[in-house]
Structure formats: C-alpha cells, structure tokens
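Before any comments, here is the structure.
The values are calculated or read from the model by the stated rules, or taken from the named source; none is laboratory data. This is a predicted model, so every value here is computed, not measured. Positions of Cβ are generated from backbone atoms using ideal geometry, with glycine treated the same way; all protein chains shown enter the neighbour counts. Heavy atoms of the whole protein, side chains included, go into the accessibility calculation; ligands, DNA and RNA do not. Shrake-Rupley method; radii C 1.70, N 1.55, O 1.52, S 1.80 Å.
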Amino acid sequence: MPVWLREHRWHQTLTAVHLSLPLRGARATAANIFCSERYLKVSIPPFLFEAILYAPIDDKSSTAKIKNGNIFFTLYKKDPAMWDSLTLENADKEILQNIRENAVLKAQERAKEETEAKKVTKQEHKKYALEATMKLEEAERKRIEDLKEKERQKVTKELELWKKQQKDAENYKSIQKEVELNQEIWQLKERKNEKMNKTRVPNEGASKTRLKPTTGCHGSSSMFSQNLKEEQIPSPRSAATIKVNFTPRVFPTALRESRVAEEEEWLHKQAEARRTITADLSELEDLKEEEKNPDWLKDKGNKMFAMGNYLAAVNAYNLAVRLNNKLPLLYLNRAACHLKLRNLHKAIADSSKALELLTPPVPDNENARVKAYVRRGTAFCQLELYTEGLQDYEAALKIDPKNKNIEKDAEKIRSLIQGTMQGS
Amino acid sequence: SSAPALERPQVVSHVQQSLSYTVFDCKWVPRSARLLCLGSAARGTGVVQLYELRAARLELLREIEKPKPIKCGTFGATSLQQRYLATGDFDGNLNIWNLEAPEIPVYSVKGHKEIINSIDGVGGLGIGEGAPEIVTGSRDGTVKVWDPRQKDTPVANMEPVQGESKRDCWTVAFGNAYNQEERVVCAGYDNGDIKLFDLKTMSLRWETNIKNGVCSVEFDRKDINMNKLVATSLEGKFHVFDMRTQHPTKGFASVSEKAQKSTIWQVRHLPQNRDIFMTSGGSGSLHLWKYEYPAQRSKKDSEGAEMGVAGSLSLLQNVTLSTQPISSLDWSPDKKGLCVCGAFDQTVRVLIVTKLNKI
C-alpha cells in the first residue's frame, strides 16, 4: 500500500500554478515524476502523490525543481484562468481512470516521437559530417592539382622560351654565315684578279691558272670545314669476324619459355623412381644379385624382345616391375611384348600405366609418350575399337607432328571408321 | 605527405599525338625541336614522320613511306650538318637517309637475313672521336658493325659458331669510344646472354647471362671510358653493371632491381647527367632512377685481384601513361628533361621531367 503524500501547498497566478510538495526524507529524481496535460504523479516508493488537475496545463514547458527535500512545480496553464482548486474534486472514478490512462498513452506517444526526432537529427549530423570531410578532401585534391598545373605551365613557358632562343640562334647563325660567305667570295674575287694580273705577263699560263670559284655559295664554307674534319677521322677498320657461343641450358628453352616447375618435377620423379625398391624379399632370396636390379632385368627383357622371345621378355619385365613399379619404361616395353603376343587388353593396361607415370609432360619424355600412345592405339584398333585408337594416334601426332608413319596410320584408321559408318 | 613528394622530379605530359600506325621508335632530331617517329603502317609499309614541337602541339612536317616496316633508327653516326638518319627495317636492310631528299638512301645494304631489332651509332654529332660506325643486331643471331664509307660488307661481324643454334639478338649499344682506337659493342640476346665485344682487339671481352631475355642495353655515355652499363630484361628486372673494374673470373659487379611485373622495354640515360636514367615498362609506366656510387668503387678480393663494387639505386619518380607497353624512349640532347616516348597504343607523347637540376 503506497503512502499518500497529502501535505502539499499551492498558489496560482493567471498563467501558472506553483505547487510545492514536501518529500518527507525521500530522494526524488526526474524519473519519479510523471506529468501529462491533466495528470500529475510523483511516485517514490513507498510514497505516492497524484493529482488530476483542474484544467489542462502545458506539460512541455512546465518545470519541476527538486530542492531542500521539496519539489517545486511550476505548471503553465493552457488557458489563463483562475482555478477553483488544484485538483478536480468530486470526479467520477471512471473519469479519473480514463484520464490516468490517457495520460500514460500520451506519454508513451511522446516518448516515441522523441526517439524518432533524435534519430532524424542523428542522421542529419552524420550527413553533415560526411559532407564536411568530402569538402576538405576536395580542397586538398584541388590544391595538389593546382600545384601540378602551375608546374606544367611553368615548364611549357620555359620550353617555348628555349625554342625561341634556338630559333634566334639559328637565324643569327645563318646571317653570320651569309656575311662570312660574302666576305669569302669577295676575297676569292680579289685573289682571282691578282692572279689574272700576274699571269697577264706570261701569256701562255693565263688559261691554266683560272681560279675555279666553287659552285654554289653554300657549299664553300661547309666543304672547307668538312675537309678539315675528314683528315682527322680514321679510315674504316679492316673487316673481321668474332665467333659467338650461346649459353647452353639443360632444357633447350630460354627461361621465359621453359616450364621449369614441371621439368623439375619430372627430374625429381625419375630420381625417386630409381630409388624405390618394392622388394618382397622372401621370394626373391634365391635370385642372383644381378637379377635383383631392375635395369639389368629391363636390358634382359629388351634383348629377349629383339630375339623374338616375347614370353621370356614379359617374364623379365614382370620381375623388374615387382622390384620397382615406378619405372615407366618397364610398362612401356612390356606393352610392346603384349602387343606381339596379342594380349591386347594387357597391352592397353600397360600403356596406360606407362602414360600415368610419364607425367608431367616435358620435352624429355616426349619419345616415351609417343610410343605409349601408338602402342595403345594399335591395341585398340586390333580390338576394333577404332575411335579410341584414333584418339591415341592423334595424341601421339600432337606430340610429334612430323612423324609420317603415325600420320599414315591415323589416316588409315579414319578411313576405316568412315567405311564402317557408311556400311552400317 | 604531398609537400616533399612535389619536391621530387615530376613527369609532366606536354603533348600527346595519336598516330595511325604502330610506332616502334622515336628520336629527337639533334639541335632542333623536331622529332621523328618510325614504324609500320597497317598495310605493311614503313613510315617515317617528322614532327615539330610548336606551342602545345606536334605539327607534322613531313611523312615518308618506305616499302618495308621500320623497326629502329639512330642519328648516332652522322655529322651535325648532315643529320642523316640510319634505319633498320623488318627485312634486315640497313639504310641511311637524307631527310631532305628521302627518295633514295645515301647508303643501303641488306645486312641481315631477318629483322633488325636494334641499331646504334657512334662517332657522329660532334661527340667523341673516331670513325663513324653503326651497329645492328638482328633476329638472325648476328651483330654487325658498319662504316658508312664502306659499301656492302660490315667492318665487324659477331656471328654464332657454325652449327650452333642461334639466339635472337634483341639489343645493341656502343661504348668505351673515348679515343680513336677504342670501341666496344654490347649485345643482349633473348636467352639472357649479354656479350661485350672489343672492336680494337676484335675479340669477346666479357659475357654473362641474366636468365631472362635482354630487351635493352645502354652505356651511360658512349664516348667515355666505359663507366656503367644498364641491361633491362623480361619480368621486370634490370641490372646496372659497374664497368670500370673487370675481375678475371667474376666479370663486372652489378646491382639489380625488380621494378615492375612486366617487361622493361627500354632504358635511356639522361644526356645531361649520366647517373639518371629512365626505364619504360610493358605496363605503360615510366620509372626515373638515380644511381649512387658506393664509397669505394673497387676492392681487392681474397687473391688480391681487383673487383668492382656496385652502388645503389633509388627511384625518383614513376608514372603510368598508357595501358600498352611503352616501347621507345628518347631524351632530347638539347633541352634537359625533355623526352619523347612511343607506345603500342599508337600514341607518341612528349614529356617534360622537372626539377632535374636539383638532383
């Protein structure tokens, strides 16, 4: 149950009501006061004071001062008129209730409006700040542009000045040249006259000693200076050849063309393959030392193949593969054997395995790859799978486009395919 | 901050001219405000255009068409009065033209079997001493030196050994021409080889390999005791060699820099300051560099032989002008900081680099 605060004092003027409320020791803050147009409430638990005002007031401009344990309210009346009393006496409970509710609603609405207004002002402030920074940056940019522009103009002016100087210098030079030339011509004429005077005495010599004035005035001065210069220039040097060697590379491509990464990978793989020994020691104990070497076995296999003993070759390769299953050449050669033995599916399997191991594709393993494709292609064709066979032949051609045999065979297969298509 | 940045040299774009052909080389005409553009027209013929720099424009003075596309040109071997242009074309022909009467060349020889990639001249323009000579490097793997006074045969021929596979020569440069007898030719090849040929002794003086194809080589000055050599290559790397001290086995000391991700097409030293040079790149950018010498340029190694010490490089400025490679670059010998560059976007640009006096 709240404790009602009833000891309040009030006085009024035409426009305002002054109300003072003692607080009996309780401390009040703005949060405890609730005021709307017709309703005033102060709630400081457990104390409670409420007043339903006689007439509406302007709650926005009204104030409350908390001082010395009292609250002093200054309520500005909406209508300047003297009130009979502070509160509405003899009011109906319902009316009172309504007024209370309205007050609360109004307060809520007002709170909403206030937050909205705050938001709007915040937005505007942000916008303003943004515009201000933009302006500053623009100014900065403009300043730099202006400086640059000034530089440009200064430099252009200098250039023009320099050009003018050049022109003036040239004109001056040409005028000078003319003057000099005139002088020279005059001198030549003088000399000619002298000589002619001299030779008039012995009559025969006259014709021979005709001074030839050089043709074309402009040629004379430059020719003189040119002659002087030519004496100083050495004669062309005697021809010789210097032979040149170019830096070799492991892979014959310049760095920009090489695929260094892939080539490294290939070399690495080869090295690894050499080192792998998938040994199954128990069975191999009774083998001779040399028979445990995959390379030796490969050579043996090659020899058997050459002799026509394909089964023996296959055996040799099998053993080699058991020792080291990472050497592509073993599979490649075994595929050739299987082809001869007409074990076509095995030939295809081995060629495929060889191709797998022959990655990454580099110029170094070109030959091996061509052979693998050709062998697999042949096997496919013999199984009458011509399209697959043609694919492999074309792959081989891509690597080695200059090989005539492969080209011929590819053509044959193509015509075969077309033949069967037409026939069916 | 921007203030110190504006103290550095700025590359100001002065004029830009759009061309209707692919420009491969651009050169200033000495003692003038005129420049030449050499290239290949769409119909497969060669083009030479002469422009003059007037106000803020390039005015076309003359256009000459030749049967074969032209790849490179130089004024290096001609006198100041004559100012004849030597060109190399796509067919391997070396021609020297009098631009006043360009119908018939003053000198012509089918020097190579394939395109002449690069040309350089020495002994002309009143610079240095000795006979005027022109060197050409070609895709046929040979480097040949010509004297305009000797017809048909070169005065020096650097060719691959019989039976050896050849590599394209991409760039050539003269150097060390400080008196009448001394001269060297430096050649860069597409496999990264750089070879230095001594013309006085007619021998190979030094060679090295920088792994990536060499796009451009240039000595900082042709007419002095060889001082520095810059070699640029693919993949954005270039090397600066200190050529004053040659070690018997290690050769010349060098410092290298990786500037851009793309090919560095050209290097050109500023004629007025041999320690500043500009590199042009495949991404359409230009970088301006300064070389700083070390405290001591040479030192003794463990066996007492002299070896060079390379200095350091600092980037003064860089600017991106185009989206296509800038394939040719030339500084004006008459005005410090004025340069022209030609790019594969069929545009030639005249630039001014400011504040070079303050370096």
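Measuring from label point to label point, each 7 Å out along Cα→Cβ, what is the A:Met307 to B:Gln272 span in nm?
Roughly 8.8 nm, to one decimal.
Cα convex hull of the protein assembly as shown: mean projected area in nm², to one decimal?
Details: hull surface 321.1 nm².
The Cα convex hull of the protein assembly as shown, projected and averaged over all directions, gives 80.3 nm².
Residue by residue through B:22-32, how many Cβ atoms from other chains fall within 10 Å of the Cβ on average?
On the way: counts 0, 0, 0, 0, 0, 0, 0, 0, 0, 3, 4.
If you average over the peptide's residues, the count of other-chain Cβ atoms is 1.
Determine the total buried accessible area between chain A and chain B, counting protein heavy atoms only with a 1.4 Å probe; round to the nearest 100 Å².
Working: alone 31740 and 15330 Å², together 43000 Å².
Roughly 4100 Å².
With a point put 7 Å past each Cα toward its Cβ, work out how far A:Ile66 is from A:Lys106 in nm, to one decimal.
About 2.3 nm separates the two model spin labels.
Provide the gained length on full extension for the span A:Thr241 to A:Thr121, in nm with one decimal, where the gain is 0.36 nm per separating residue minus the Cα-Cα distance.
On the way: separation 120, 0.36 × 120 = 43.20 nm, distance 8.76 nm.
Contour length minus Cα-Cα distance gives 34.4 nm.
Cα-Cα pairs above 38 Å in chain B: how many percent?
Values: 7713 of 64261 pairs.
The answer is 12 percent, as a whole percent.
Once a ≥ b ≥ c are taken as the square roots of the eigenvalues of the Cα gyration tensor of the stretch A:3-87, is the result rounded (a/c under 1.5), prolate (a/b larger than b/c) or oblate (a/b not larger than b/c)?
On the way: a/c = 1.80, a/b = 1.75, b/c = 1.03.
Prolate shape, in that a/c is at least 1.5 and a/b is the bigger ratio.
Let's see if you can work this out: charge +1 on each Lys and Arg Cβ, -1 on each Asp and Glu Cβ, no other charges. What is the dipole magnitude of the stretch A:3-87 about its Cα centre, in debye to the nearest 20?
Working: 11 positive and 7 negative charges, 64 e Å.
The calculated dipole for the stretch A:3-87 is roughly 300 debye.
May I ask you to compute the full-extension gain from B:Val106 to B:Thr245, defined as 0.36 nm times their residue separation minus their alpha-carbon distance, rounded to one decimal in nm? If you can, show how the numbers build up before the last one.
Values: separation 139, 0.36 × 139 = 50.04 nm, distance 4.03 nm.
Here the segment from B:Val106 to B:Thr245 would lengthen by 46.0 nm.
With n ≥ 4 as the cut-off for DSSP H runs, can you work out [θ] at 222 nm for chain B, using -39500 (n - 2.57) per run divided by the number of residues, rounded to the nearest 500?
Working: 1 runs with 4 residues, N = 359.
The helix contribution divided over chain B gives 0 deg cm²/dmol.
In nm², what is the average projected area of the convex hull enclosing the Cα atoms of the stretch B:1-132?
On the way: hull surface 43.5 nm².
Average of the hull's projected areas for the stretch B:1-132 equals 10.9 nm².
With the crude spin-label approximation of a point 7 Å out along Cα→Cβ, what separation in nm comes out for B:Lys261 versus A:Arg191?
7.1
With N denoting the number of residues in the stretch A:91-191, provide Rg(C-alpha) divided by 2.2 N^0.38 Å, to two decimal places. Please list the in-between numbers first.
Working: Rg = 43.4 Å, N = 101, 2.2 N^0.38 = 12.7 Å.
Relative to the rule-of-thumb radius for its length, the stretch A:91-191 sits at 3.41.
If you average the C-alpha positions of the stretch B:25-93 and of the stretch B:258-318 separately, how far apart do those two centres end up, in angstrom?
So the separation of the two Cα centres works out to 29 Å.
Using the Kirkwood radius over Cα pairs, work out the Stokes-Einstein diffusion coefficient for the stretch A:28-162 at 20 °C and 1.002 mPa s, in µm²/s as a whole number.
Estimated via Stokes-Einstein, D reaches 105 µm²/s.
A:Val244's amide H: which non-local residues (gap 5+, or another chain) put their own amide H closer than 5 Å, with H modeled 1.01 Å from N in plane and none for Pro or chain starts?
Here the answer is B:Glu159, B:Val161, since their amide H atoms fall under 5 Å of that of A:Val244.
Can you find, among A:Trp266, A:Ala169, A:Ala117, the residue sitting farthest towards the positive end of the charge dipole of the protein assembly as shown, where Lys and Arg contribute +1 and Asp and Glu -1 at Cβ?
Selected residue: A:Ala169.
From the alpha carbon gyration tensor of the stretch B:124-252, can you work out the equivalent ellipsoid semi-axes (sqrt of 5 times each eigenvalue) and give them in Å, largest to smallest?
Numbers: eigenvalues 95, 72, 36 Å².
In descending order the semi-axes read 22, 19, 13 Å.
Sorted by mean Cβ packing within 10 Å, highest first, what order do the peptides A:51-58, B:25-32 take?
Values: A:51-58: 18.5, B:25-32: 20.8.
Going from most to least packed, we get B:25-32, A:51-58.
Please sort B:36-48, B:323-335 by packing, taking for each peptide the average over its residues of neighbouring beta carbons within 10 angstrom, highest first.
Numbers: B:36-48: 18.6, B:323-335: 20.2.
Packing order, densest peptide first, comes out as B:323-335, B:36-48.
So, by mean Cβ neighbours within 10 angstrom, what's the order for A:93-99, B:139-145, B:75-81 with the highest one leading? Kindly include the intermediate steps, with their values, before the conclusion.
Numbers: A:93-99: 11.6, B:139-145: 23.3, B:75-81: 19.6.
Sorting A:93-99, B:139-145, B:75-81 by mean packing, highest first, produces B:139-145, B:75-81, A:93-99.
Output needed for the stretch B:204-303: three equivalent-ellipsoid semi-axes, defined as square roots of 5 times the C-alpha gyration tensor eigenvalues, in descending order, whole Å. Working shown, then result.
Details: eigenvalues 110, 52, 30 Å².
Semi-axes (√(5λ), whole Å): 23, 16, 12.
How large is ³J(HN,Hα), in whole Hz, for each residue of the stretch A:37-43 in order, when computed from phi with the Karplus curve 6.51 cos²θ - 1.76 cosθ + 1.60 and θ = phi - 60°, using x for Gly and Pro?
4, 10, 9, 10, 9, 10, 10
Within the stretch B:179-203, list the residues whose amide N lies under 18 Å from a label point set 7 Å along Cα→Cβ of B:Glu303.
Flagged as within label range: none.
Work out how far the C-alpha atoms of the stretch B:58-217 reach from end to end along every principal axis, then list the three figures in whole Å, largest first.
Result for the stretch B:58-217: principal-axis Cα extents of 44, 35, 33 Å.
Between the stretch A:293-310 and the stretch B:320-359, how far is it from one alpha carbon centroid to the other, in angstrom?
For the stretch A:293-310 versus the stretch B:320-359, the Cα centre distance is 69 Å.
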